[in-house]
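Only one structure is covered here, and it is reproduced in the block below.
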Amino acid sequence: MSSSNQWFFAHEGERGGPVDVQTLAGMIQAGHLPAGVLVCREGMKDWLPANEAVVTDKKTSQPSTAEKPDRLGAPNKLAYTLGAILAMTLTGNVAYSIAQSKKHQKTIAIQDKKHKEETSNLKEADKTSMIEFASLQKENQRLKELEATYTRNQHHQIRTISDLNASNIRYIADNRNLLNEYREATNRLTRLSQPGKETEKRVRDANQRATLAESTASAVKKKLTETILQAEAQAAQLQKQIDRNNASETLKQQEAELANKALTDKLSSTVTQLTAASNQIKNLKRQLGESPLKIGTPNGPKPPVTQDYFAVIGSTDNQFNFAVINKGSADGVKVGDKFRVVSHESLETVAQLTITRVQPMIAVGNPGTIGIGKLKPKDLVYRE
């Protein structure tokens, strides 16, 4: 077989051949090679598509009129064969194109269906998002209402605390007035001067009532102080609970109401006790009368006693060696102040008291090396 009838082909980066023209046509017709596959044979300068190479070959292979008639048959047969192959190839390509078109349409239909499903899912998701957005708006509105309620409750608690502070100031003033009345009653007792057993009995009774009144006033004062501290602690605790649990407004309001009720009950009880102490002091005044009496043993001369004493001893502590007087920082007492203590019985100076601790209504002092046992409640305290 002549090498001029052997063809080479190049497809998808690979080369094949040599094959004869019938084999090449069969591969194109079977769909193994496209109709425009690049082909080349000996004597060709460039690679050409199969359909163009066949036409070119047909033109170049026509014999001249000078050739013999028996040599014209082979090229004509080759041309006819390639033409038939090309026709069949074109028919196969059309069928292949139609099949690919149907396949493409089917793919488009599947993609369109998928797109519709995705669109439906997006619509459902959008609908869900709208529902969630509406829910969030409602929740936001509810939180705003809770915040407004919390603000109102907070303002109410602030007003309540302000009212409690005002009540505390009033109670302190009332307590101070009661202590002043008690000091006046004590002054009257120190001025008692009539001798006799009846006088001594009256003095003892007066001393007992004064001691009772002093104890009652001290107890009331202590309880009032505890009540005030408890009220402040409860108010602080309540404020902390309000700041910490801003989502539980109903519970906080109930706790605030319970705390306020308990505080009101305590303050009411304290007022009742203060009123009772005040009535007791008033009764003591009525019993003592206006005539000055002298406290102590009526026998024997006594040194003159000035009436401008500053305070009196309220209580003593033998274990820690200190005494408490009934004046505090509200009366100008400061740490380091020194006071002279005079016995209310013998009217003699018994100790010098140095103030070590001061509160608004009372002060604590130390008598130094002198035993605290020499000091007794109701001893007179003078400024140095």
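The values are calculated or read from the model by the stated rules, or taken from the named source; none is laboratory data. If you're wondering where the values come from, they're calculated on a predicted model, not measured in any experiment. Note that each Cβ is placed from the backbone with ideal geometry, even for glycine, and that neighbours are counted across all protein chains shown.
Observations on the structure shown:
- The single condition from (1) free of Cβ contacts under 8 Å to residues at least 60 places away in the same chain; (2) out of contact with any Pro (no Cβ under 8 Å at 6 or more places or on another chain); (3) among the hydrophobic types (A, V, I, L, M, F, W, C); (4) not in a loop (DSSP other than H, G, I, E, B) that Ala25 fails is (1).
- Boolean, Trp7 is surrounded by 17 or more Cβ atoms within 10 Å (Cβ to Cβ) and in contact with a Cys (Cβ under 9 Å, 6 or more places away or on another chain): yes
This table checks each residue for (1) of a type in the set (A, V, I, L, M); (2) in contact with a Pro (Cβ under 9 Å, 6 or more places away or on another chain); (3) without any contact (Cβ under 8 Å) to a residue 40 or more places away in the chain.
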position	(1), (2), (3)
Leu146	yes, no, no
His155	no, no, yes
Leu164	yes, no, no
Asn175	no, no, no
Arg188	no, yes, no
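- Scanning segment 10-22 for residues that are in a helix (DSSP H, G or I) and crowded, with 16+ Cβ neighbours inside 10 Å gives a single hit, Val21.
- Note on segment 225-241: among residues that are at pLDDT below 75 and out of contact with any Asp or Glu (no Cβ under 9 Å at 6 or more places or on another chain), the one that is surrounded by the most Cβ atoms within 10 Å (Cβ to Cβ) is Ala231.
- Candidate set: segment 328-383, residues that are in a loop (DSSP other than H, G, I, E, B) and aliphatic (A, V, I, L, M); chosen: the one surrounded by the fewest Cβ atoms within 10 Å (Cβ to Cβ): Val335
- Among the candidates Tyr182, Tyr171, residue that is assigned to a helix (DSSP H, G or I), hydroxyl-bearing (Ser, Thr, Tyr) and at pLDDT below 80: Tyr171
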